[in-house]
Amino acid sequence: MAEYTELCSTEDVPEGEMRSFTTGNNEILVVNLKGEFYALDAICNHMGGKLVKGRLKDNLVICPVHRCRYDVTSGKVKRGAGFLVESFSGKCGDQKAYEVKVEDGKVYVKI
Ligand code: FES
């Protein structure tokens, strides 16, 4: 059964930025959008790019490898890697998103 796990302090992720944290076997990307915290798998489902090395543009995180874009609020893929890349390597799918809660300045994710 999924339980909330403490991942970091709210101060670890400044507004408009993202950081990745490891808990158990999970590497999780935490994003602070205007004081709201969101969490996705930190490793791109396409070919393993580290999303923390990508860019954050509004509510989208852009993978540094083939530039798939994921909505950080839902994990939904908003733009793929392009026809040429995806015809060789497969399509970018939705990125796993985690439920987040913040309590007493700590960020918890449901794993
Ligand atoms: S590895 Fe992320 S888009 Fe290809």
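The values are calculated or read from the model by the stated rules, or taken from the named source; none is laboratory data. Keep in mind the model is a prediction, meaning the values are calculated, not measured. Here the Cβ positions follow ideal geometry from the backbone for every residue, glycine too, while neighbour counts run over all protein chains shown.
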Notebook entry, point to check: In the range 46-73, what residues are more than 9 Å from the ligand (Cβ to nearest atom), modelled with pLDDT of 95 or more and assigned to a loop (DSSP other than H, G, I, E, B)?
Noted result: ASN59, VAL72, THR73
Item checked: Test set (1) assigned to a loop (DSSP other than H, G, I, E, B); (2) of a type in the set (D, E, K, R); (3) within 13 Å of the chain's Cα centre (by Cα) - GLU15 fails condition number -> (3)
Next item on the list: Identify all residues within the range 65-111 that are surrounded by fewer than 14 Cβ atoms within 10 Å (Cβ to Cβ), out of contact with any His (no Cβ under 8 Å at 6 or more places or on another chain) and not basic (Lys, Arg); write none if there are none.
Entry: PHE83, LEU84, SER87, PHE88, GLU99, VAL102, GLU103, ASP104, GLY105
Margin query: So in the range 32-45, with the set limited to residues that are under 19 Å from ASP12 (Cα atoms) and within 16 Å of the ligand (Cβ to nearest atom), which one is nearest to the chain's Cα centre (by Cα)?
Written below: LEU40
Next item on the list: Being within 25 Å of CYS8 (Cβ to Cβ) and within 13 Å of the ligand (Cβ to nearest atom) is the filter here, so list the residues in the range 76-103 that pass it.
Entry: ASP94, GLN95
